[in-house]
């Protein structure tokens with residue numbers, strides 16, 4: 001490794017419903033030893049973190065967890081996985097001085113200003129305005145939403161659970177999908193459809209609405225493969241439907257935030273769609289906003305292509321967190337701005 005902090009490397013973790021990604025920050029911005037562990041292989045977060053540290057042969061005093069979950073106080077219970085833990089107890093078990101827990105999409109949002117032209121792929125037109133609010137949405141095991149707002153010369157990341165807003169259909173096909181889902185769910189959120197598991201649900205709903213046989217054995221990966229190969233018309237329509245729905249979610253976020261700085265697309269699903277996504281219904285739907293179509297047409301939409309960008313954002317939040325007490329103690333400086341509720345134990 002190319003150097004270290006005075007008190008050793010910092011442990012970074014980006015935890016989704018399926019995978020937990022770990023790394024060490026050995027110097028400011030220098031992230032090394034990245035590994036991805038399957039959440040299902042470990043009964044607890046603590047077990048996964050300890051296995052990673054043992055595997056790389058390193059210890060850490062300070063750590064940050066970017067997790068696909070709301071962060072409210074000490075208790076963490078994941079929405080899309082069965083891990084549940086106390087931040088304070090995990091800190092003690094892992095021998096850490098600091099364990100900061102943040103929302104994963106808040107961490108990803110903090111990484112956006114540092115992304116360069118080679119880290120994103122632009123979908124459609126539009127031009128970002130300097131200093132404008134930025135929106136972030138991403139489909140994976142769930143649907144992540146966040147954003148960045150400029151304040152006092154720095155970016156403030158939003159802690160949002162915007163994936164759980166009510167699903168908003170835009171045409172008769174999507175109404176039929178929604179009606180099918182109402183048979184099963186009291187509340188049909190955007191995440192129900194605009195996510196990896198949602199792709200399978202969309203296909204199921206489309207088949208049911210047309211009286212076609214239901215093949216529930218197809219995984220999301222198999223549906224995507226059949227769609228992209230052209231081997232299955234229903235799978236291709238499913239992907240078109242998913243992309244249009246994502247366009248609606250992104251446009252809703254754009255008008256809600258006034259995101260003239262652009263909308264970024266993260267998550268694990270869309271990058272797997274390859275060249276298809278650029279020509280998918282996504283951008284046309286994004287610009288289909290009635291009286292605000294002209295507004296959304298001016299906003300660029302960028303697919304994040306850089307691997308593991310949330311780790312860099314998490315590292316930035318940890319650095320700000322550790323610097324906050326010192327900054328607050330210095331006369332003449334304003335109190336630190338923190339992005340969201342967190343526990344420092």
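The values are calculated or read from the model by the stated rules, or taken from the named source; none is laboratory data. Everything numeric here is computed off the predicted structure, so don't read it as measured data. Every residue, glycine as well, gets a Cβ built from its backbone with ideal geometry; the counts of neighbours run over all protein chains shown.
Report, ordered by the first and then the second residue, all pairs with beta carbons closer than 6 Å, sequence separation of six or more or different chains, a first member in the stretch 262-291 that is surrounded by fewer than 18 Cβ atoms within 10 Å (Cβ to Cβ), and a second member that is part of a strand (DSSP E or B).
Pairs found: 278/123.
Given the conditions (1) over 22 Å from residue 320 (Cβ atoms); (2) not in a loop (DSSP other than H, G, I, E, B), and given that residue 170 satisfies all but one, which numbered condition is not satisfied?
Status for residue 170: all satisfied but (2).
Go through the residues of the stretch 187-207 one by one and say whether even a single one is surrounded by fewer than 19 Cβ atoms within 10 Å (Cβ to Cβ), free of Cβ contacts under 8 Å to residues at least 12 places away in the same chain and not in a helix (DSSP H, G or I).
no
Residues 94, 108: which one is crowded, with 16+ Cβ neighbours inside 10 Å, touching a helix residue (DSSP H, G or I) at 6+ places or on another chain (Cβ under 7 Å) and outside the structural domain of residue 319 (by TED's automatic domain parsing)? Working first, answer last.
Numbers: 94 fails: outside the structural domain of residue 319 (by TED's automatic domain parsing).
Matching residue, one of 94, 108: 108.
Looking at 214, 239, 234, 246 in this structure, which one is farther than 20 Å from residue 171 by Cβ and either assigned by TED's automatic domain parsing to the domain that holds residue 133 or in a helix (DSSP H, G or I) (or both)? Steps first, please.
On the way: 239 fails: farther than 20 Å from residue 171 by Cβ; 234 fails: farther than 20 Å from residue 171 by Cβ; 246 fails: farther than 20 Å from residue 171 by Cβ.
Exactly one residue qualifies, and that residue is 214.
What residue, of 75, 88, 40, 33, is over 30 Å from residue 196 (Cα atoms), surrounded by fewer than 23 Cβ atoms within 10 Å (Cβ to Cβ) and modelled with pLDDT of 90 or more? Show your work before the answer.
Values: 75 fails: over 30 Å from residue 196 (Cα atoms); 40 fails: over 30 Å from residue 196 (Cα atoms); 33 fails: over 30 Å from residue 196 (Cα atoms).
Going through 75, 88, 40, 33 in turn, the sole match is 88.
Residue by residue, here is whether (1) modelled with pLDDT under 95; (2) more than 30 Å from residue 131 (Cα to Cα) holds:
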{"position": "205", "(1), (2)": "no, yes"}
{"position": "213", "(1), (2)": "yes, yes"}
{"position": "216", "(1), (2)": "yes, yes"}
{"position": "237", "(1), (2)": "no, yes"}
{"position": "242", "(1), (2)": "no, yes"}
{"position": "248", "(1), (2)": "no, no"}
{"position": "252", "(1), (2)": "no, no"}
